[in-house]
Amino acid sequence: MGPPANRPAPPSPIDRDSANDLMGPLTELVALAGSAILEVDRARMRIEGKADGSPVTDADLAADRIIADGLARLAPHIPVLSEERAALREVDGSAAFFLIDPLDGTKEFVAGRNEFTVNLALVVNGTPYLGIIGAPALGLIWRGLVGAGAERLTTTTTLGPALPIRTRPFPRLGQPWIAAVSRSHGDAATEAFIDARPGAVRQRLGSAVKFAKVAEGAADIYPRLAPTHQWDVAAGHAIVTAAGGKITDAKGCDLRFGEGGTDYLVPGFIAWGDPTASWSLRS
């Protein structure tokens, strides 16, 4: 990653230097999990339903095993909370922990589309500090470290060079702006939020790719005002923030991770490419 920005480092046991040292190995781990997903035969894989009605496949479980083994080797002192094992443990939101969604966009994956991701975040003191989103079928990885910037890499047989990315200023009054919205999880509150801002162009996408589009300046905003899980949000939160944006709740306040009981729900959020745009919620 680039040189550290002039802002305070998170508390022990993770400081900026140790997080920066982990970025390369963690990126390789996300790429490895993505490769395992691509090796799964979608026509023959098992698909089961979880208690919340969402699907889980052989690909989810294969990626989860790879990430669990890798994190146990790379950072055995840091707790891990994964979507596929959330019922097995609780985490201390005031400490550092990894927050994992081994296959975000399982519905996209099952449907044969390419917009599914591997999401890995390092949360420190309730806030995502490091995030990596891998989109193996698109051949891309986005990553960010708050205070040190965000990057995009290509993935083929090896990781390509890291190119810096940044969010973009919100369009001026009267100019069109792009809202990244979910293809599979629409909700009335989100649609009403966008409808109240004339001139929006909806870009329908799957999984955490929507965060990546905001982070690289290809979209201006990503609202989702229905409940979702923290592991769906944390990696994108870190990357958008590192790229110059901001993530808030529906009232413009900060989100907290590792709190809220064992369901680990976020009631709703808005990813803003231009953080000054979020001020409109407080006026």
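Every read-out reported here was derived from the displayed coordinates using simple, explicitly stated rules and does not represent laboratory data. Every value quoted in this text rests on a predicted model; they were computed, and no experiment measured them. Cβ: placed from backbone, ideal geometry, glycine included. Neighbour counts: every protein chain shown.
Brief remarks follow.
- For the chain, built as a Gaussian network whose Cα springs stay under 10 Å, the top-fluctuating residue of Glu83, Glu39, Glu151: Glu39
- Amide hydrogen proximity for Gln203: with H placed 1.01 Å from N in the peptide plane, the residues at 5 or more positions away or on another chain lying under 5 Å are Ala179, Ala180, Val181.
- Secondary structure note: in the range 177-281, about 55% of the DSSP beta bridges are antiparallel.
- Cross-link partners for Lys210 among the aspartates and glutamates, with Cα-Cα distance under 18 Å and sequence neighbours closer than 8 places in the same chain left out: Asp101, Asp104, Glu108, Glu115, Glu151, Asp187, Glu191, Asp220, Asp232, Asp249, Asp274.
- Built amide H within the under 5 Å cut-off of Leu81, gap 5+: Phe98, Leu99, Ile100
- Antiparallel beta bridges, as assigned by DSSP with both residues in the chain, represent about 80 percent of the total such bridges.
- Cα-based Rg of the range 177-281 normalised by 2.2 N^0.38 Å, two decimals: 0.97
- Largest GNM mean-square fluctuation among Val233, Val80, Val40, using the chain with Cα springs under 10 Å: Val40.
- Value of Rg/Rh across the range 16-165 [Cα atoms, Kirkwood radius]: 0.96
- The calculated 222 nm mean residue ellipticity attributable to helices in the chain amounts to -8000 deg cm²/dmol, summing -39500 (n - 2.57) over DSSP H runs of n ≥ 4 and dividing by all residues.
- Nearest-20 debye value, the chain charge dipole, Cβ charges on Lys, Arg, Asp, Glu: 840 debye
- Gaussian network model of the chain, springs between alpha carbon atoms under 10 Å - residue of Ala72, Ala271, Ala218 with greatest fluctuation: Ala72
- Dipole check for the range 16-165: with +1 at the C-beta of Lys and Arg, -1 at the C-beta of Asp and Glu, and the Cα centre as origin, the magnitude is about 160 Debye.
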